[in-house]
1. Are there GluC sites (Glu not before Pro) in segment 129-199 that DSSP marks as loop and that have at most 12 other Cβ atoms within 10 Å, and which are they?
2. To the nearest Å, what is the center-to-center distance of segment 85-159 and segment 217-254, using C-alpha atoms only?
3. From the backbone phi of segment 77-88, what are the Karplus-calculated ³J(HN,Hα) couplings (6.51 cos²θ - 1.76 cosθ + 1.60, θ = phi - 60°) in whole Hz, Gly and Pro given as x?
4. Order the peptides 150-162, 17-29, 216-228 from the highest to the lowest mean number of other Cβ atoms within 10 Å of their residues.
5. Magnitude of the Cβ-charge dipole of segment 4-295, K/R +1 and D/E -1, about the Cα centre, nearest 20 debye?
6. Taking amide H positions as placed in the peptide plane 1.01 Å from N, state which residues far from Val209 in sequence (5 or more) or on other chains have amide H under 5 Å from it.
7. Over 20 Å between Cα atoms: which of Lys5/Lys101; Lys97/Lys233; Lys12/Lys101 fall into that group?
8. How large is ³J(HN,Hα), in whole Hz, for each residue of segment 14-21 in order, when computed from phi with the Karplus curve 6.51 cos²θ - 1.76 cosθ + 1.60 and θ = phi - 60°, using x for Gly and Pro?
Amino acid sequence: MDDMKSFEMLMKRSPILLDGAMGTNLIAAGMPMGCCAEAWMLAHADVVMDIQRRYAEAGSQIIYAPTFTAQPSRLKRYGLDAKAERINERLVQILRKAAPKCLIAGSMTTLAGVIDTRSEACFPEMVRQYRRQIKGIKVGGADLVVGETLLSSTDARAILLAAKEEHADGVMLSFALREDGTLRSGEETKIVFEMLENEGALALGVNCVPADDALPMLIQRLRSYTSLPLICKPNAGRPIRQQNGTHTYPVDAHRFADILSRCVDVSANFIGGCCGTTPETIAAMARQIHHTDKGR
């Protein structure tokens, strides 16, 4: 959006380091579970900035703004739907202040759970919801839009159309896939990737899947589905639920970096972390990538 030339220059230095988790780090920093995350972040901007600053210092080149669920329909639960645009704008601005040298991607996720995303009749409302979110993200000064943890092609198509109608260039899309490699909606990933490439996506890939020995094989398969840059942003392994309702993640930073390095070897272009990852995870990835580059 604001700085696509910088993005194009960055792409020449692939692989590109994304950031790691926000939600699990916010919970570790004291955010109560079940609260309105957006309201809590705005009230604790210093905590948000500290996490994002640490990602930038660790080596992240693109950082996702914590606008993940800042959609009017979700904010309505807390009486904040009328302020959706402003909330998205402020969250992007907080990130811009914390990481001024990084490219900023305004993040959004599936509307499943608040809208019947399986119904084509609801598609116009999905587009409207995403348009409001993108308006705020643009005003806040984001460089890109990223749809993440998407479940269906409907999510992705609605985001692409909303971005087009808001004149927002640069849409990256990543999906949470089933173990068999299909979308959570049951759709074939190959068919969906081919469609989204034709409809103008900037990059495609996966997030919120476990970082394990099967991940490089999944990335290799996805590479055969698209010529676009590939996103690989997994969790730090499979989550282990604790008695207090939180989760721990078993893959440490060193092993995570090793797995992601193997994903780069099979053509992952954007690499980062999802649930359970930290700035230390990103720092380990940066060290691994720089070491590998010297060995080539």
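1. Listed in order of number, the matching sites are Glu179.
2. Between the Cα centres of segment 85-159 and segment 217-254 lies a distance of 21 Å.
3. 3J(HN,Hα) across segment 77-88, in whole Hz: 4, 10, x, 10, 4, 5, 9, 4, 4, 5, 5, 4.
4. 150-162, 17-29, 216-228
5. In total the dipole reaches around 560 debye.
6. Amide H to amide H, under 5 Å and 5 or more residues apart or across chains, Val209 pairs with Asn235.
7. In this structure, Lys97/Lys233 lie more than 20 Å apart at Cα.
8. In residue order, the calculated couplings are 4, x, 10, 8, 8, 8, x, 5 Hz.
Every read-out reported here was derived from the displayed coordinates using simple, explicitly stated rules and does not represent laboratory data. As the structure is a computational prediction, the values presented were derived from the model and not from experiment. Cβ sites come from the backbone with ideal geometry, for glycine too, and all protein chains shown count toward neighbours.
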